[in-house]
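The values are calculated or read from the model by the stated rules, or taken from the named source; none is laboratory data. Remember, it's a predicted structure, so these values are computed and weren't measured experimentally. Cβ sites come from the backbone with ideal geometry, for glycine too, and all protein chains shown count toward neighbours. Note: accessible area is taken over every heavy atom of the protein model, side chains too, but ligands, DNA and RNA are not part of it. Shrake-Rupley method; radii C 1.70, N 1.55, O 1.52, S 1.80 Å.
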Amino acid sequence: MSPPTLAELRPEQSGTVTRVGGERAFRRRLMELGLVPGTRVTLRKVAPLGDPLELEVRGGRISIRRRDAASVELER
Amino acid sequence: MTLPEVPRVVLVGNPNTGKTTLFNRLTGARGRVGNYPGITVERSVGRASLSASADTAAASECAFEDVPGCYSLASRSAEEQIAIDALLGRHDSVRPDLAVVVVDATNLERNLYLTLQVLELGRPTLVALNQMDALRDAGVEVDAAALSACLGVPVVPISAARAEGLDALRAAIATQLASPTLPPSDGWRWAPSDALRADLDAVAAHLGDERPEGTSDSAARALALWALMSVDADDELEDVPAALRLAVLDVQRAARAAGRDLDAEAITARYAFIDRHAPAFVRRPAEAPKAWSERVDTWLLHPVFGFVAFLAIMFTVFQALFAWSDPAIGLIEAAFAAAGGAARAHLPEGLATDFIVDGLIGGVGSVLVFLPQIVLLFTFIGVLEDTGYMARAAFLMDRVMNKVGLHGRAFVPLLSGYACAVPAIMATRTMERRRDRYLTMMVVPLMTCSARLPVYTLIIGALFPAGAWLGLPTQGLLMLGMYLFGTLMALVAAAVLGRTVLKGPRVPLILELPPFRRPHLGSLARLVSSRARVFLSEAGTVILAGSVVLWAILTFPRGSEEVTALEATRPQVEASSEGEAQTEALAALDAEIAGARLRNSLGGRIGHAIEPVIEPLGFDWKIGVGLLGAFAAREVFVSTMGVVYGVGADVDEESTTLRERMKAERRADGRPVYTPLTGLSLLFFFALACQCVSTLAAIKRETAGWRWPLFTLAYMTALAWVVSFVTWQVGSALGA
């Protein structure tokens with residue numbers, strides 16, 4: 001079974017980043033936003049149509065698309 | 001943009017930190033907008049005075065540069081490279097005397113990531129801790145003194161939106177400029193591992209000219225780290241020396257072979273530093289009170305109310321562009337018509353007067369007529385951006401827009417396209433990424449703009465019976481159908497172009513929902529006036545030149561046998577009647593002569609020349625002349641057809657005379673030129689072809705070159721031709 005990803009969180013659920021996948025520029029950008037392994041992430045909001053997702057990372061907020069969030073693996 | 005010798009200060013920071021608001025606050029009305037060389041990213045530079053104090057040792061004035069917002073200095077393209085270039089004075093920029101990092105205190109850790117990168121460069125740096133007001137609302141405390149101790153540089157808490165702390169910021173900048181202090185240990189707040197440090201030294205050895213004289217080893221390492229994080233086998237960076245590139249690729253290969261992940265090492269190390277020290281300078285309440293902004297969001301992002309509010313706001317924008325701008329547009333048109341009339345009355349009849357009236361005055365009028373919509377649209381965009389609603393609109397609509405590869409923010413430009421493509425193309429600036437902007441620009445001209453309406457009205461009114469279908473008026477249905485058709489084609493074009501011509505590497509979309517706040521009138525006025533200025537000086541000149549060229553094409557050469565023959569009948573016409581009848585007969589003759597002139601002009605000949613190309617679409621050469629005239633603006637098709645058919649230029653789309661003339665028009669074999677099938681083919685052609693000099697001028701301005709406007713012209717014309725061709729050929733085969 002594949003590990004759970006950020007895209008599978010429900011609102012107000014949290015997880016700890018274990019791995020960030022994807023192509024280099026893509027994963028670099030996600031990590032630079034603070035999604036480095038070991039970071040606690042909470043899903044705060046889901047747009048009414050189901051995408052994008054608003055995350056809380058280190059007290060700050062950022063929204064990314066569900067498809068992009070699926071590259072971030074979590075540990076619940 | 002050259003500025004006199006004053007100290008230079010760059011403002012860098014994440015997107016949405018209020019950096020531009022701060023820039024506006026500091027420079028007042030003195031900021032100027034230009035472009036970074038070679039790329040279509042706006043460069044804002046402005047002078048500002050720093051203190052009214054008597055401290056003569058401190059700098060009293062400086063020049064600020066507002067560097068485009070970025071989450072990191074690591075870059076993949078020339079566009080992302082701007083920040084590092086501006087900080088180090090590489091390429092065309094001058095090395096700044098001070099870097100002010102604008103930090104959003106409500107997203108502190110993420111903003112500090114960029115701050116650490118800036119510090120590593122070992123240049124004089126200062127941190128402006130912005131959004132302190134929003135921070136208080138959220139119940140969070142940030143200790144500026146502790147943060148300053150942690151970073152080793154001054155930290156000044158401010159609120160750019162509420163103009164708080166700006167004097168302290170000015171004073172701190174003045175002090176830093178007077179006696180620059182470098183951050184301790186050359187700005188490095190974290191120590192790279194031995195392995196990473198060895199890698200950095202290996203790359204730094206190949207910096208060559210990229211390492212200016214006097215650069216410390218640690219600053220060289222910072223540049224090496226930038227290269228290590230940025231260079232790729234397929235990046236689009238500019239001016240990276242070949243030796244440096246090779247060194248980076250070597251180190252990356254060796255690291256991969258050793259099972260190391262250099263990107264993760266550096267990024268994790270920076271965040272580890274931030275996480276370790278955060279408790280010293282930031283205190284967050286265990287249970288944050290819900291800010292009022294959050295409560296507003298529960299409604300504005302509600303699955304039902306959210307969309308109701310969204311539609312209401314967008315309808316208002318649309319209504320403003322479509323209806324509110326009308327009186328101003330009418331006024332401008334009337335003023336230029338009056339100016340033209342006055343000029344004609346006072347100048348001798350002749351070619352020079354025609355040029356002044358029709359070419360120049362008409363041309364300037366055709367530029368200014370865009371201003372009301374541009375001013376209105378940017379007023380709305382400014383308010384929507386400043387309040388934070390635009391980010392919500394993008395959050396709401398992203399899912400839908402993303403289906404065809406467009407950014408959530410492309411919604412407003414597309415909607416504006418229903419009024420006019422010119423302001424809509426200018427509105428693509430609200431998107432950060434080049435690909436998103438270009439893709440939107442390419443498809444906006446397919447939206448049914450208001451200039452197509454008169455053309456549709458003429459064609460539908462003249463060629464389609466006013467019957468009913470299922471109890472609904474067919475003409476109205478056809479009009480509605482054309483709107484839907486344009487919209488659908490724009491979405492299809494976006495999906496196709498986004499997967500082909502504008503296909504790029506996948507980068508995560510990043511949106512931020514900033515807290516709601518009141519718009520700042522000064523910034524708003526500046527946004528609107530700078531947009532209007534840019535339009536007039538850059539797009540306007542191209543539009544004016546285009547109008548004059550089109551006027552010349554449709555005017556020269558003046559004489560021909562046909563014209564001379566018609567002129568020869570003038571005495572006869574004069575003698576044959578008198579009074580009102582004579583005036584009418586002479587007017588009819590003048591219209592005939594104007595028609596003959598146009599038919600024999602260069603434009604008329606071009607119409608003949610392109611006939612073989614447009615014949616398979618069901619068009620004859622006279623329609624070809626109309627299509628050519630329509631390039632000035634689509635609605636000009638109507639008056640051009642009026643002239644071609646000798647009815648006069650003063651016709652409008654409701655003119656029965658013109659409609660009758662069109663219906664009476666016959667082909668060589670005696671069949672009527674205009675049938676409903678010709679009409680349909682013509683409608684599709686107008687829906688899809690980029691018949692608009694102004695649109696092309698706007699794209700040229702926004703993409704800083706002719707490549708994309710020419711591409712737009714080519715693909716839209718090809719699309720129009722193919723669709724009209726299929727329509728006419730299939731329709732003819734079916735016997736329509």
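Side notes on the structure shown:
- Considering residues of the stretch B:154-175 that are of a type in the set (A, V, I, L, M, F, W, C) and in a strand (DSSP E or B) only, the residue surrounded by the most Cβ atoms within 10 Å (Cβ to Cβ): B:Val155
- Among (1) touching a strand residue (DSSP E or B) at 6+ places or on another chain (Cβ under 8 Å); (2) closer than 30 Å to B:Arg399 by Cβ, the one test that B:Leu527 misses: (1)
- Among all positions in the stretch A:6-15, there is no residue which is within 12 Å of another protein chain (Cβ to nearest Cβ), in a strand (DSSP E or B) and polar (S, T, N, Q).
- Odd one out for B:Glu349, checked against (1) without any contact (Cβ under 8 Å) to a residue 12 or more places away in the chain; (2) over 30 Å from B:Arg558 (Cα atoms): (2)
- Scanning the stretch B:398-414 for residues being assigned to a helix (DSSP H, G or I), open to solvent by less than 20 Å² (accessible area, probe 1.4 Å) and within 14 Å of chain A (Cβ to nearest Cβ) gives a total of 3.
- Evaluation of A:Arg44 against the conditions (1) more than 7 Å from every other protein chain (Cβ to nearest Cβ); (2) assigned to a strand (DSSP E or B); (3) free of Cβ contacts under 8 Å to residues at least 60 places away in the same chain; (4) open to solvent by less than 40 Å² (accessible area, probe 1.4 Å) shows that the sole unmet condition is (4).
- Here B:Pro180 meets each of (1) open to solvent by less than 30 Å² (accessible area, probe 1.4 Å); (2) assigned by TED's automatic domain parsing to the domain that holds B:Val100 with one exception, condition (1).
- Matching residues, the stretch B:669-684, being open to solvent by 10 Å² or more (accessible area, probe 1.4 Å) and under 16 Å from B:Leu617 (Cα atoms): B:Arg671, B:Pro672, B:Tyr674, B:Thr675, B:Pro676, B:Leu677, B:Leu680, B:Phe684
- Residue list for the stretch B:685-728, restricted to those being hydrophobic (A, V, I, L, M, F, W, C) and open to solvent by 40 Å² or more (accessible area, probe 1.4 Å): B:Ala704, B:Trp706, B:Leu710, B:Phe711, B:Leu713, B:Ala714, B:Ala718, B:Leu719, B:Trp721, B:Val722, B:Phe725, B:Val726
- Test: residue in the stretch B:614-627 that is closer than 14 Å to B:Ala462 by Cα, open to solvent by 50 Å² or more (accessible area, probe 1.4 Å) and either among the hydrophobic types (A, V, I, L, M, F, W, C) or in a helix (DSSP H, G or I) (or both): no
- Enumeration of residues in the stretch A:18-36 that are free of Cβ contacts under 8 Å to residues at least 40 places away in the same chain and at the interface with chain B (Cβ under 7 Å from one of its Cβ atoms): A:Glu23, A:Arg24, A:Ala25, A:Arg28, A:Arg29, A:Met31, A:Glu32, A:Leu33, A:Gly34, A:Val36
- Leading residue by the ranking (surrounded by the most Cβ atoms within 10 Å (Cβ to Cβ)) among those in the stretch A:50-62 that are over 16 Å from B:Glu109 (Cα atoms) and within 7 Å of chain B (Cβ to nearest Cβ): A:Pro52
- Options B:Ala718, B:Ala704, B:Ala668; residue that is modelled with pLDDT of 95 or more and small (Gly, Ala, Ser): B:Ala718
- Scanning the stretch B:424-478 for residues that are more than 21 Å from B:Ala697 (Cβ to Cβ) and touching a strand residue (DSSP E or B) at 6+ places or on another chain (Cβ under 9 Å) yields B:Glu432, B:Ala466, B:Gly467, B:Thr474, B:Leu477.
- Residue in the stretch B:176-190 that is over 25 Å from B:Pro154 (Cβ atoms) and not in a loop (DSSP other than H, G, I, E, B) present: no
- Residue pairs meeting the criteria (Cβ under 6 Å; at least 6 apart or on separate chains; first over 16 Å from B:Thr181 (Cα atoms), in the stretch B:113-141; second open to solvent by 10 Å² or more (accessible area, probe 1.4 Å) and basic (Lys, Arg)): B:Leu116/B:Arg189; B:Asp133/B:Arg162; B:Val140/B:Arg284; B:Glu141/B:Arg283
- Residue tally, condition charged (D, E, K, R) and either surrounded by fewer than 15 Cβ atoms within 10 Å (Cβ to Cβ) or touching an Asp or Glu at 6+ places or on another chain (Cβ under 7 Å) (or both), over the stretch B:526-577: 6
- On inspection, A:Glu73 fails the criterion of being within 12 Å of chain B (Cβ to nearest Cβ) and in a strand (DSSP E or B).
- Boolean, A:Arg10 is surrounded by fewer than 20 Cβ atoms within 10 Å (Cβ to Cβ) and without any contact (Cβ under 8 Å) to a residue 12 or more places away in the chain: no
- Residues within the stretch B:386-409 that are within 15 Å of the chain's Cα centre (by Cα) and without any contact (Cβ under 8 Å) to a residue 60 or more places away in the chain, tallied: 1
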